[in-house]
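Working notes, beginning with the structure itself.
The values are calculated or read from the model by the stated rules, or taken from the named source; none is laboratory data. Bear in mind that the values here come from a model prediction, so they are computed numbers and not experimental data. Cβ sites come from the backbone with ideal geometry, for glycine too, and all protein chains shown count toward neighbours. The protein model used for the area step is the full one, side chains on, heavy atoms only, and it has no ligands, DNA or RNA in it. Shrake-Rupley method; radii C 1.70, N 1.55, O 1.52, S 1.80 Å.
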Amino acid sequence: MSRVHIALPVADLNASVAFYTALFGEGPDKTRDGFARFAPGLAPVSLSLTHMGGPITIPEDLTHFGVRAETNTVVTDAIGRLESAGLVDLVETAEVCCHATQDKVWAVDPDGRRWEVYVITDDNPADSASNSSCCVAPEPEPEAEEADCCAPKAPSCCG
């Protein structure tokens with residue numbers, strides 16, 4: 001089977017292995033010092049995690065990753081695993097996203113990457129206007145003016 005390869009840096013390898021084990025429903029197929037690789041049956045992906053230490057910066061324009069399931073049972077099973085691990089961020093049903101009606105569960109990995117496991121329940125809904133923010137990049141935070149940063153209310157940012 002061909003697989004898409006994704007390599008992600010992680011700040012805490014153990015926490016990330018626990019997250020991706022819950023997400024995929026199985027543990028890594030290879031581990032080494034500072035490294036873990038997943039090749040789950042759930043999706044044709046080879047996901048490698050490399051411990052980088054320190055915080056990981058996620059680009060603002062990276063909206064999310066996802067696993068498209070073939071059946072709602074896969075989504076229901078993912079909800080159960082992620083709930084058991086305390087990782088569910090949001091469950092959505094009958095959401096119109098990317099011009100398709102979907103049921104999905106969202107979780108956020110330890111470094112802040114959003115993941116969804118979803119199933120398409122109608123690939124051509126009559127009203128395909130999105131009722132979800134899934135396909136839209138988050139609005140950028142307004143940049144504070146330097147004068148606000150150094151105001152008495154926030155002296156630590158000028159240190």
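Observations on the model:
- Leading residue at positive end of dipole, the stretch 1-140 (Cβ point charges), from Ala85, Ala43, Ala7: Ala7
- Summed over the residues of the stretch 1-112 and divided among them, the accessible surface reaches 53 Å² per residue at a probe radius of 1.4 Å.
- R0 of 22 Å, Cβ-Cβ distance Thr121-Leu62: FRET efficiency to nearest 0.05: 0.25
- Heavy-atom accessible surface of the stretch 1-104: percent carbon and sulfur, 1.4 Å: 52 percent
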